[in-house]
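What follows is a short report on a single structure.
The values are calculated or read from the model by the stated rules, or taken from the named source; none is laboratory data. What you see is a predicted model, and the numbers here were worked out from it, not measured in a lab. We place every Cβ from the backbone using ideal geometry, glycine too, and count neighbours over all the protein chains shown. Note: areas computed on protein heavy atoms with side chains; ligands, DNA, RNA excluded. Shrake-Rupley method; radii C 1.70, N 1.55, O 1.52, S 1.80 Å.
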Amino acid sequence: MSEASAPISEPSRRRRRRAAREASRSEGAWYPRWFWPSFAVPGTLWLILFFILPFYTIIAVAFGTIDIFRKPVPVWQPWFWSTKYVSSVWDTLYGPNAFLQPTFVRTFEYVAIASTLCLVIGYAVAYYTARFAGRYRTLILIALISPFWISYLMRMVAWQNLLAGDGYVNQILQKLHVISAPYPWLEGKSITVVLGLVYGYIPYMILPLFGFLDRIQSSLLEAGRDLGASPGRTFWRVTLPLSKPAIYAGLVIVSLPMFGDYYTQDLLSGSGKTSMIGNIINDSVQSTPKGSVLVLLLMILLIVPMIYYLRSTLAAQESR
């Protein structure tokens, strides 16, 4: 048997570990093997307490039962779970009495339109701030961050006053002769809900886009111009492909909370004609287990774009 393939005795392993520790001490501080993994303990405990346990509670309620007052009662033992309410919710979505199906379709339409508007408007603002704002960059960034200092609920309440029949929006549009009479913005209009979603979530789109666009090296843009590309062609062939990770991140950050949003529709419309999935969940979560079933169903639907985002991000990192 050759020396390279000969088994290493236990004393030899100990001497090697001791030599490695001494070498580490000579080069710098030495830490035990458990030192760095221990930093993950607080985050792991936080995840268990505030995500895994509440998520298991939702599952226990979805597959649970109700009491004599028709309040949801969680069933913690999986072997006692029932699919009664899961089947009931499924029938309201795809059965002959699928009265919740329009709400799901409407929610996806609202989120798709609002996310697209957030991307178009947010990309333009982020691109200008990153490339052309100059000394006004700090002022623009403060203006973008300032909405976070005010509660989302209070901002929607402020828009109620602005969109009222005698509010500033109708007054301005009438003075510009865009409309001849006050428009009923707050009477179950889809455009009001979509614009409310755009207003509420567009800062979450602008900030990641700005952070990424600001890090694109100007030498890459100059190389495109040196090769004879026009500014527009340089944007399409250089800037836009490089900013795809930020676009995906912004869409995920913006669209996911929109699916569960119910404040915007409640405050700016309040009509069943514009209700979203979040409104159905909010109405049923305290009365029947159907709210928990809808939460699980929505989570399953949103896993698909999340997996696509994670795969695309991983592929982009590996290609570098």
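Within region 157-175, residues that are over 21 Å from Y262 (Cβ atoms) reach partners that are of a type in the set (G, A, S) and open to solvent by 50 Å² or more (accessible area, probe 1.4 Å) with beta carbons closer than 8 Å, at six or more positions or on different chains, in the pairs Q174/S180; Q174/A181. Pairs are defined by a Cβ separation below 9 Å, a sequence spacing of at least 6 or placement on different chains, a first member in region 66-94 that is over 23 Å from I300 (Cβ atoms), and a second member that is of a type in the set (S, T, N, Q) and surrounded by fewer than 12 Cβ atoms within 10 Å (Cβ to Cβ); the pairs so defined are K71/Q286.
Screening M306 on (1) assigned to a helix (DSSP H, G or I); (2) within 24 Å of P74 (Cα to Cα); (3) touching a residue at least 24 places away in the same chain (Cβ under 8 Å) shows it passes everything except condition (2). If you filter region 189-234 down to residues that are in a helix (DSSP H, G or I) and charged (D, E, K, R), you find that the one that is least open to solvent (accessible area, probe 1.4 Å) is E222. The set of residues in region 272-300 that are surrounded by 13 or more Cβ atoms within 10 Å (Cβ to Cβ), assigned to a helix (DSSP H, G or I) and among the aliphatic types (A, V, I, L, M) comprises I277, I280, I281, V293, L294, V295, L296, L297, L298, M299. Among the numbered conditions (1) within 24 Å of R70 (Cα to Cα); (2) in contact (Cβ under 8 Å) with a residue 24 or more places away in the chain, the only one that I281 does not meet is (2). When you check Y110 against the structure, is it surrounded by 16 or more Cβ atoms within 10 Å (Cβ to Cβ), in a helix (DSSP H, G or I) and modelled with pLDDT of 90 or more, yes or no? Criteria met by Y110.
Scanning region 47-87 for residues that are exposed (fewer than 11 other Cβ atoms within 10 Å of the Cβ) and in a loop (DSSP other than H, G, I, E, B), we see that the one that is nearest to the chain's Cα centre (by Cα) is Q77. Scanning region 236-251 for residues that are basic (K, R) and farther than 29 Å from V111 by Cα turns up nothing.
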